[in-house]
Amino acid sequence: VLVRAGYQVATAGNGLEALQVQKRNPADVIVCDIVMPEKDGIETLMEMAKLEPKPRFIAISGGGRINASCYLKVASKLGADRVLSKPFTSGDLLIALKELFLRS
């Protein structure tokens, strides 16, 4: 969906890998699940916020041990620029990205 919309995309299997990818080839926006192995999305968000240039961050979650809205509230308080609760549509994601790029 993102490639078809004209975005360049890099992927990572978990938060630890995402940080490594970001340090090698910085992205403008990170779309990150909250519940992941190795390093969860909250830890990833906090570490991404320390990087220069600091990427914008879209946190996504369908929940886990607790309701998705609880995870997403924490992500917002810690600096996520947008949050999306699963399931969301590709249109929802594209709108969130467009808003972030218009804001910059």
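Each row is one residue, and each column tells you yes or no for (1) of a type in the set (Gly, Ala, Ser); (2) touching a strand residue (DSSP E or B) at 6+ places or on another chain (Cβ under 9 Å); (3) in a helix (DSSP H, G or I).
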{"residue": "Leu45", "(1), (2), (3)": "no, yes, yes"}
{"residue": "Ile58", "(1), (2), (3)": "no, yes, no"}
{"residue": "Ile66", "(1), (2), (3)": "no, no, no"}
{"residue": "Ser69", "(1), (2), (3)": "yes, yes, yes"}
{"residue": "Gly79", "(1), (2), (3)": "yes, yes, no"}
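Selection within the stretch 81-94: residues that are part of a helix (DSSP H, G or I) and within 14 Å of the chain's Cα centre (by Cα). The member of this set that is farthest from Lys23 (Cα to Cα) is Asp92. Candidates Ala96, Ala68: the one that is modelled with pLDDT under 95 and open to solvent by less than 20 Å² (accessible area, probe 1.4 Å) is Ala68.
Here Met48 passes the criteria (1) in contact with a helix residue (DSSP H, G or I) (Cβ under 9 Å, 6 or more places away or on another chain); (2) modelled with pLDDT under 95; (3) more than 17 Å from Gly64 (Cβ to Cβ) except the one numbered (2). Do you know which residues across the stretch 54-65 are surrounded by 13 or more Cβ atoms within 10 Å (Cβ to Cβ) and of a type outside the set (Ser, Thr, Tyr)? Listed by number, the residues that qualify are Pro55, Arg56, Phe57, Ile58, Ala59, Ile60, Gly62, Gly63, Gly64. Residue under question is Ala80, and the condition is that it be in contact with a Cys (Cβ under 9 Å, 6 or more places away or on another chain) and either polar (S, T, N, Q) or surrounded by 13 or more Cβ atoms within 10 Å (Cβ to Cβ) (or both); does it hold? Yes: the conditions hold for Ala80. Taking the condition in contact (Cβ under 8 Å) with a residue 40 or more places away in the chain, of a type in the set (A, V, I, L, M, F, W, C) and not in a loop (DSSP other than H, G, I, E, B), does Val31 pass? For Val31, the condition - in contact (Cβ under 8 Å) with a residue 40 or more places away in the chain, of a type in the set (A, V, I, L, M, F, W, C) and not in a loop (DSSP other than H, G, I, E, B) - is met. For the residues Gly15, Gly6, the requirement of being surrounded by 17 or more Cβ atoms within 10 Å (Cβ to Cβ) and of a type outside the set (Asp, Glu) singles out Gly15. Within the stretch 71-93, the set of residues being of a type in the set (Phe, Trp, Tyr) and at pLDDT 95 or above comprises Phe88 only. Taking the stated definitions as given, is Lys23 under 17 Å from Leu97 (Cα atoms) and either modelled with pLDDT under 95 or open to solvent by 80 Å² or more (accessible area, probe 1.4 Å) (or both)? Criteria not met by Lys23. Reported count of residues in the stretch 32-61, each being under 12 Å from Leu19 (Cβ atoms) and among the hydroxyl-bearing types (Ser, Thr, Tyr), is 1.
Here the condition is being in contact with a Phe, Trp or Tyr (Cβ under 8 Å, 6 or more places away or on another chain) and charged (D, E, K, R); of Asp40, Asp81, Asp92, it holds for Asp81 alone.
The values are calculated or read from the model by the stated rules, or taken from the named source; none is laboratory data. These figures come from a predicted structure and were not determined experimentally. Please note: Cβ atoms are built from the backbone with ideal geometry, for glycine as well, and neighbour counts cover all protein chains shown. Surface accessibility is based on the protein's heavy atoms, side chains included, excluding ligands, DNA and RNA. Shrake-Rupley method; radii C 1.70, N 1.55, O 1.52, S 1.80 Å.
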